[in-house]
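Let me begin by presenting the structure, written as structure tokens, before commenting on it.
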Amino acid sequence: MGVLNVTPDSFSDGGAYSTVERAVDHARQMQADGADIIDIGAESSRPGAEPVEEGEELRRLIPVVEAVREAVSLPISVDTMKAAVARLAIQAGALIVNDISALQGDPLMAGLVAETGVAVVLMHMQGTPRTMQRSPRYGNVVEEVTVFLRQRAQEAIARGIRPTQIILDPGFGFGKLQEHNLHMLAEFDAFTKLGYPVLAGVSRKQFIGNLIRQPVHEREFGNAGAVAVAVLKGAHIIRVHDVRAMKETATVVSAISRHARSSSVEVSNA
Ligand code: HH2
């Protein structure tokens, strides 16, 4: 999943694709680089970000969704917590709603997803983007996030969403300290055992920067390490900014891990 932020203030690419033309060029490039999905967002969720008003989010997002839909043949995901924004984006061609509030930000979102049949990403976050990094606390982050994701999936199903529409995401960097992000990555397979596709959004995040002491645009090798672990531990979708490098990383790691699985089957059958 290639990230296309049409925001002035995103933490790594704010302002880079602020015209429809530049956004479309970047989407085309991500398709050429091997992306399978384009995730378009018009509201930054970086730590400390202020919420964006609905009219402004629509003004930034909808022309880009329409133009990207014309220009590329990939499914489009929209990164929004607002049902009214998601509705217009779906009408413009989006097939996935990436809701970082896991249907808790807008009471109308679950109904919209159930009614339209689009896929939905349910992500874990402790707090809100404005406050989430102030003092995140967990007993055991992997257990708590797993319980949360299971409950949100059950709630989604109770609201009429089919299990096949659901994608889960533990939410790297969303109300998580360094040790929480590393623990979630080390035990990422706990999330894949829930029985839904799982998305990992590690791209360029601070916890990688803390380890390699590099600014956001110099974290490609660090990202590759995190992506490799997520793929090895069963992640189905990787949300990234550097599509070509991460696609190649994921392709190599998943080929190796498929081989490991088939050889262990052969051994146990022998
Ligand atoms: N991370 C960001 C935004 N949306 N969605 C999901 N499902 N998972 C994530 O990990 C995730 C997400 C933050 O990254 P980015 O979009 O680059 O930055 P910003 O929120 O500042 O626009």
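The values are calculated or read from the model by the stated rules, or taken from the named source; none is laboratory data. Only a predicted model underlies this, so the values are computations on that prediction, with no experimental measurement involved. A quick note on method: Cβ atoms are made from the backbone with ideal geometry, for glycine too, and the neighbour counts reach across all protein chains shown. What goes into the accessible areas is simple: the full protein's heavy atoms, side chains included, and nothing from ligands, DNA or RNA. Shrake-Rupley method; radii C 1.70, N 1.55, O 1.52, S 1.80 Å.
First select every other residue whose beta carbon is under 10 angstrom from the beta carbon of K233; then total the charges, Lys and Arg +1, Asp and Glu -1.
My count for the surroundings of K233 gives -2.
Express the accessible area of the chain per residue in Å², computed with a 1.4 Å probe while the remaining protein chains stay in the model.
Spelled out: the 1.4 Å probe surface of the chain, per residue, equals 46 Å².
Can you pull the percent of the chain's accessible area that's carbon plus sulfur, 1.4 Å probe, other chains left in place?
On the chain, the fraction of accessible area on carbon and sulfur atoms equals 53 percent.
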* Asked: Taking amide hydrogens as modeled 1.01 Å from N in the peptide plane, which residues meet the under 5 Å criterion relative to G171, leaving out close sequence neighbours?
  -> H124, G201
* Summing +1 for each Lys or Arg and -1 for each Asp or Glu, what net charge is found among the other residues whose Cβ lies under 10 Å from the Cβ of A84? -> -1
* For V97, what is the net charge nearby, where nearby means another residue's Cβ is under 11 Å from its Cβ and Lys, Arg count +1, Asp, Glu -1? -> -2
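Helix by helix through the chain, keep the DSSP H runs that span 24 Å or more along the axis on Cα and average at least -0.5 on Kyte-Doolittle, and give those back in order. Write down the numbers at each step before the final one.
On the way: long enough: 54-71 (25 Å, -0.26); 141-158 (25 Å, 0.34); 243-269 (38 Å, -0.10).
Membrane-span-like by this criterion, though nothing is claimed about a membrane: 54-71, 141-158, 243-269.
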* Hey, how much of the P(r) for the chain falls beyond 30 Å, as a percent of Cα pairs? -> 25
* Structure fact -> From the Cα centre of region 1-72 to that of region 214-254, the distance in Å is 20
* Hey, can you grab everything whose amide H is under 5 Å from the amide H of V198? Only 5+ residues off in sequence or another chain; H modelled, so Pro and N-termini drop out. => L168, H236, I237
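Test of the criteria: in region 61-131, which trypsin sites (Lys or Arg not before Pro) are in a DSSP loop and have at most 14 other Cβ atoms within 10 angstrom of their Cβ?
R130
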